Amino acid sequence: LQNDSWGKQYSHALFKAMSHMLCIGYGQQAPEGMTDVWLTMLSMIVGATCYAMFIGHATALIQSLDSSRRQYQEKYKQVEQYMSFHKLPGDTRQRIHEYYEHRYQGKMFDEENILGELSEPLKEEIINFNCRNLVANMPLFANADPNFVTAMLTKLRFEVFQPGDFIIREGTVGKKMYFIQHGVVSILTKGNKETKLSDGSYFGEICLLTRGRRTASVRADTYCRLYSLSVDNFNEVLEEYPMMRRAFETVAMDRLDRIGEEQPLGTVWPPPCLLPGA
């Protein structure tokens, strides 16, 4: 090429550069004429483009197969950076990690946004399906109006507590009641008497009726998956179903009488704002 024209020299130089850069061979015999050189370079460009498109589409396909896990990993990276920035102690970091593992189980969805985009019949159907075990194990819902049950379920908020967490503390104002989907909790009273509640139980409903303070504490003994119902949402539902308000009040009075009879003589018995339900 020393005595050839600059066009041939630069064409062969470009061919050699592309061969090394794209790591694509040109076959058993090197191109000789200028037409062969340019055709070979064109085929190399087409091949490299197809290969890049294949890799890109394959990567996008793999990521789309489990986008919820990828979203969870991205979210948890932010959490790790947050913990590192604030220099949280190791045991706290471990508890936060375990909470995310049990709360999201490696997948994260914007459930509120997803349900908000659906029609009301579809939304109610999904909520009833997701809470079917809760309804099946809850005697309070067994003979209730299906419309009331659906209205109540749409107001529930999912929460997770770790072993040793106090879900409710004695002396605080009752603003929520809880339904146990899975787990075991202990009701702790002043007399050091413990009552265990498990799947299908509920507690804290009396404070929603009396607006009083809690007279007992509730501690999670295992990882607990609960549904909470705030007092505002509770009253909103009961305004539409006044008969169920009477049913709640009847159950509450029965429990007050039953537990009041168990107290020794001379004991001051205030209306309790947290009683075990089953």
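Scan segment 55-99 for residues that are among the acidic types (Asp, Glu) and either surrounded by fewer than 10 Cβ atoms within 10 Å (Cβ to Cβ) or closer than 24 Å to PRO163 by Cα (or both) and the total you get is 3.
Residue selection: HIS102 fails the criterion of being out of contact with any helix residue (DSSP H, G or I) (no Cβ under 9 Å at 6 or more places or on another chain) and open to solvent by 80 Å² or more (accessible area, probe 1.4 Å). It is to be established whether one or more residues within segment 18-35 are assigned to a helix (DSSP H, G or I), open to solvent by less than 80 Å² (accessible area, probe 1.4 Å) and without any contact (Cβ under 8 Å) to a residue 24 or more places away in the chain. The answer is no; no qualifying residue exists. Among residues that are open to solvent by 40 Å² or more (accessible area, probe 1.4 Å) and either at pLDDT below 85 or touching a strand residue (DSSP E or B) at 6+ places or on another chain (Cβ under 8 Å) (or both), TYR202 is not included.
Quick grid of which residues meet (1) closer than 27 Å to ALA247 by Cα; (2) polar (S, T, N, Q); (3) in contact with a Ser or Thr (Cβ under 7 Å, 6 or more places away or on another chain):
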{"position": "HIS97", "(1), (2), (3)": "no, no, no"}
{"position": "TYR104", "(1), (2), (3)": "no, no, no"}
{"position": "PRO146", "(1), (2), (3)": "yes, no, no"}
{"position": "THR150", "(1), (2), (3)": "yes, yes, no"}
{"position": "LYS155", "(1), (2), (3)": "yes, no, no"}
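The values are calculated or read from the model by the stated rules, or taken from the named source; none is laboratory data. Bear in mind the structure is a predicted one, so any value in this text is a computation, not a measurement. Cβ coordinates were reconstructed from backbone atoms using ideal geometry, including for glycine residues, and neighbour counts include every protein chain displayed. Surface areas here come from the heavy atoms of the whole protein model, side chains and all, with no ligands, DNA or RNA. Shrake-Rupley method; radii C 1.70, N 1.55, O 1.52, S 1.80 Å.
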